[in-house]
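The values are calculated or read from the model by the stated rules, or taken from the named source; none is laboratory data. Note that the structure is predicted; figures quoted are calculated from it, not measured. Because the Cβ atoms are built from the backbone with ideal geometry, glycine has one as well, and the counts that use them run over all protein chains shown. SASA here: full protein model, heavy atoms, side chains in, ligands and nucleic acids out. Shrake-Rupley method; radii C 1.70, N 1.55, O 1.52, S 1.80 Å.
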2 protein chains.
Amino acid sequence: MTTLSDVAKHAGVSVSTASRVLSGQGYVSQASRIRVVDAAEMLNYAPNHMARSLRLNRTHIIGLVVADIENFFYSQIAKGVTSVAREHGYHVVLANSEENRKLESQQIQMLANLRVDGLIFTPTGGNRRQLESSFISSGIPVIQVDRRVRGLPADAVLADNVGGAQQAVEALLDAGHTRIGILAGSQLVTTGKARLAGYRRALEARGIAFDESLVGRGLFTRDSALKDAHDILCQRPRPTALFAANNILAEGAARALVELRLVAPKDISIVAFDDAPWMSAIAHPLTTVDQPAREAGRVAATLLLDRLSGGQGAEPQTVVLSPRLISRNSVGPPRR
Amino acid sequence: MTTLSDVAKHAGVSVSTASRVLSGQGYVSQASRIRVVDAAEMLNYAPNHMARSLRLNRTHIIGLVVADIENFFYSQIAKGVTSVAREHGYHVVLANSEENRKLESQQIQMLANLRVDGLIFTPTGGNRRQLESSFISSGIPVIQVDRRVRGLPADAVLADNVGGAQQAVEALLDAGHTRIGILAGSQLVTTGKARLAGYRRALEARGIAFDESLVGRGLFTRDSALKDAHDILCQRPRPTALFAANNILAEGAARALVELRLVAPKDISIVAFDDAPWMSAIAHPLTTVDQPAREAGRVAATLLLDRLSGGQGAEPQTVVLSPRLISRNSVGPPRR
DNA sequence: CGCAATCCTGGTATCGTTCCCACATCGTGT
DNA sequence: ACACGATGTGGGAACGATACCAGGATTGCG
């Protein structure tokens with residue numbers, strides 16, 4: 001690998017001068033400029049990122065921790081983040097928390113040691129003190145996406161989960177359903193809680209009593225959703241509709257329907273939170289409340305980059321993106 | 001941020017000694033060891049990754065470039081790579097090539113400048129010279145996953161695409177189909193070519209003539225697949241079966257079936273390459289040829305790490321993973 | 001008791017940049 | 001002619017870690 005000093009030697013100038021022409025600041029004569037540029041080109045010079053980072057105390061790396069990169073929703077976020085980062089010459093190091101606080105803590109520590117310039121993550125909800133001491137208090141900006149950790153003074157990019165869930169459930173109510181099951185997911189994360197809250201709010205607004213036996217509070221996994229959906233759908237009388245609070249839960253729900261030989265919207269109506277390509281590619285395309293995940297990633301990255309270039313005030317900022325209902329073909333009148 | 005010299009000062013020893021105890025090599029007295037460890041703990045010391053990298057000429061960062069992180073297949077690879085990396089204390093910087101050679105070239109250049117210790121990527125097929133000059137010739141190991149670039153002397157982790165496609169098509173042939181359409185995807189990448197080859201081979205083995213009008217050679221996108229599927233399925237007589245050469249193409253195909261009001265396996269039989277969770281969560285679960293993508297990521301990362309610790313010979317190695325047929329419920333006898 | 005091996009330590013160079021400072025050479029205006 | 005600003009240049013000190021080297025202290029053994 002060729003270094004700046006190689007270039008300087010080759011161009012017959014000092015390292016200082018070479019540095020000046022390549023960084024484009026300070027006075028340099030036209031003559032030297034040309035010779036340095038030529039030499040750099042000929043030697044195929046590329047600045048050493050590590051050395052530069054060390055000197056400038058800026059790594060141009062941002063950390064991204066998502067719950068599960070295999071989840072379409074998070075991979076969309078990752079895409080949004082990486083593309084904005086690239087446009088601005090930043091690198092993104094990716095880590096999975098697997099929805100596990102211990103693992104999240106470890107990943108965060110590694111990223112702190114790496115001296116990332118900023119952190120974007122979908123919090124599990126824990127590790128607040130660590131985040132404060134390793135990032136916030138050292139002035140390293142942190143952006144929370146999708147979820148938030150209580151009391152953490154950091155920017156957040158969220159969806160209106162309560163409103164979105166409410167919309168979804170209203171679509172069901174509007175079709176005449178009153179016994180509506182919900183796969184709410186883990187109540188330890190803000191999204192799970194908020195979506196269940198939206199569900200309750202929609203019911204309340206229509207004066208329908210909340211029925212604990214209709215809610216599944218399992219993990220955000222297909223298997224857990226499958227089991228919960230079974231439990232909910234095997235009750236008599238069977239609920240006539242089901243709301244799945246995210247795309248993974250929707251997969252579990254869909255699988256349960258197949259196993260129970262139920263087809264939407266004939267036998268049961270179903271609405272999901274989060275959109276995914278397969279939902280519109282099936283025989284009876286799923287009605288969903290879509291949140292712009294890739295956009296969320298882009299917004300998060302933009303917010304972070306703004307912070308890094310000194311923009312924005314000191315106050316943590318929260319951006320709320322509005323989910324929107326996409327009506328397809330999984331909602332009909334209640335059976336019988 | 002506290003530095004090693006802070007720790008040393010606090011412990012009343014020299015930087016050298018502090019370094020020795022923390023890196024665990026060289027002679028250190030029990031007394032100094034304890035004092036340094038205590039000081040480090042108290043000051044919450046974490047070594048500066050950049051300084052260390054600069055000195056050691058080892059970044060402990062590996063680059064990962066995938067075609068599209070939103071594609072479930074690639075996100076599985078990413079998960080495999082990141083988890084192995086984490087287990088060994090490596091960081092992964094993620095980039096998307098978007099199936100675009102220009103973009104891939106840019107990303108690769110950025111990673112080279114970052115001085116990653118190694119590169120794992122799903123090649124578009126181009127940029128061979130750049131890869132050779134920026135990585136191979138500097139001794140930076142490169143692992144190709146899923147695809148390969150012709151003539152690049154680098155390790156590769158591949159699926160048996162010809163065999164897998166052949167298996168898929170045979171499942172269709174075994175059910176009695178003779179007019180089988182294929183969404184083959186871009187013929188510019190090795191997977192696209194190989195899967196088409198497997199298709200042809202399966203037909204030949206049964207003495208069935210290859211019919212150009214039954215093959216779609218569009219891009220690896222849903223929209224392109226949708227269009228190609230339409231073209232193929234609107235022919236008279238209509239082909240009785242369809243093979244989609246990857247999971248995205250399968251989504252496009254599924255959408256086309258919905259639009260044409262065709263349901264598998266009654267009206268048409270369908271088999272896909274690559275598995276995805278939704279495929280088993282639909283009314284008529286898709287029969288697929290599954291390739292172990294996460295495993296491929298793990299293998300690639302392991303191979304890379306081996307190379308980094310000086311293992312393996314100089315010869316580039318190729319690992320071939322076997323896809324396996326998962327029979328579900330999208331294949332039946334030909335209609336009429 | 002002497003000498004070598006072992007243990008322990010601090011000083012210093014180094015990785016490749018950037019940036020500050022000193023110094024030299026120009027003009028240009030008074 | 002002199003001062004002073006604008007240009008242009010190179011030297012050298014950082015950034016934070018590691019590693020080599022020299023030298024002092026301690027031990028072991030004949």
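With a requirement of 2 or more residues that are surrounded by fewer than 17 Cβ atoms within 10 Å (Cβ to Cβ), the strands (runs of 3 or more DSSP E) lying completely within the stretch B:250-330 that satisfy it span B:318-321, B:324-326.
Screening B:Ala51 on (1) aliphatic (A, V, I, L, M); (2) open to solvent by 70 Å² or more (accessible area, probe 1.4 Å); (3) near DNA strand D (Cβ under 7 Å from one of its atoms) shows it passes everything except condition (2).
The residues listed here are A:Ala301, A:Ala256; of these, the one that is of a type in the set (A, V, I, L, M) and not assigned by TED's automatic domain parsing to the domain that holds A:Ala78 is A:Ala256. For the stretch A:19-45, residues that are near DNA strand C (Cβ under 10 Å from one of its atoms), open to solvent by 60 Å² or more (accessible area, probe 1.4 Å) and within 14 Å of chain B (Cβ to nearest Cβ) total 1. Set side by side, the residues B:Val81, B:Val28, B:Val92 differ, and just one is β-branched (Val, Ile, Thr), within 12 Å of DNA strand D (Cβ to nearest atom) and in contact with a helix residue (DSSP H, G or I) (Cβ under 7 Å, 6 or more places away or on another chain), which is B:Val28. Please specify each residue of the stretch A:67-81 satisfying the condition of being of a type outside the set (A, V, I, L, M, F, W, C) and without any contact (Cβ under 8 Å) to a residue 40 or more places away in the chain. Correct list: A:Asp68, A:Glu70, A:Ser75.
Filtered by the rule that a residue be more than 7 Å from every other protein chain (Cβ to nearest Cβ) and either over 16 Å from A:Asn96 (Cα atoms) or of a type in the set (Ser, Thr, Tyr) (or both), the stretch B:84-106 gives B:Tyr90, B:Ser97, B:Glu98, B:Glu99, B:Asn100, B:Arg101, B:Lys102, B:Leu103, B:Glu104, B:Ser105, B:Gln106. Considering only the stretch A:54-77, I want to know if a residue exists there that is within 12 Å of DNA strand C (Cβ to nearest atom) and open to solvent by less than 50 Å² (accessible area, probe 1.4 Å). Among the residues of the stretch A:54-77, not one is within 12 Å of DNA strand C (Cβ to nearest atom) and open to solvent by less than 50 Å² (accessible area, probe 1.4 Å), which makes the answer no.
Which of the residues spanning the stretch A:1-13 are open to solvent by 50 Å² or more (accessible area, probe 1.4 Å) and either near DNA strand C (Cβ under 8 Å from one of its atoms) or in contact with a helix residue (DSSP H, G or I) (Cβ under 7 Å, 6 or more places away or on another chain) (or both)? Across the stretch A:1-13, the qualifying residues are A:Met1, A:Thr3, A:Asp6, A:His10, A:Gly12.
For the stretch B:83-106, the criterion of a residue being acidic (Asp, Glu), modelled with pLDDT of 95 or more and outside any helix (DSSP H, G or I) is satisfied by no position.
Any chance the stretch A:209-228 includes a residue that's farther than 10 Å from A:Leu183 by Cβ, without any contact (Cβ under 8 Å) to a residue 12 or more places away in the chain and among the small types (Gly, Ala, Ser)? Looking for residues that are farther than 10 Å from A:Leu183 by Cβ, without any contact (Cβ under 8 Å) to a residue 12 or more places away in the chain and among the small types (Gly, Ala, Ser), one finds at least one in the stretch A:209-228, hence yes.
Please work out if B:Ser16 is without any contact (Cβ under 8 Å) to a residue 12 or more places away in the chain and either more than 7 Å from DNA strand D (Cβ to nearest atom) or crowded, with 16+ Cβ neighbours inside 10 Å (or both). Steps first, please.
Values: without any contact (Cβ under 8 Å) to a residue 12 or more places away in the chain: yes; either more than 7 Å from DNA strand D (Cβ to nearest atom) or crowded, with 16+ Cβ neighbours inside 10 Å (or both): no.
For B:Ser16, the condition - without any contact (Cβ under 8 Å) to a residue 12 or more places away in the chain and either more than 7 Å from DNA strand D (Cβ to nearest atom) or crowded, with 16+ Cβ neighbours inside 10 Å (or both) - is not met.
Of all residues in the stretch B:109-125, those that are out of contact with any strand residue (DSSP E or B) (no Cβ under 7 Å at 6 or more places or on another chain) and more than 8 Å from every other protein chain (Cβ to nearest Cβ) total 2.
Across the stretch A:135-143, a minimum of one residue is classified as crowded, with 23+ Cβ neighbours inside 10 Å and at pLDDT 95 or above. Checked against the criterion of being in contact with a Leu (Cβ under 8 Å, 6 or more places away or on another chain) and either of a type in the set (Gly, Ala, Ser) or at pLDDT 95 or above (or both), the candidates A:Ala225, A:Ala205, A:Ala194, A:Ala112 yield just one match: A:Ala225.
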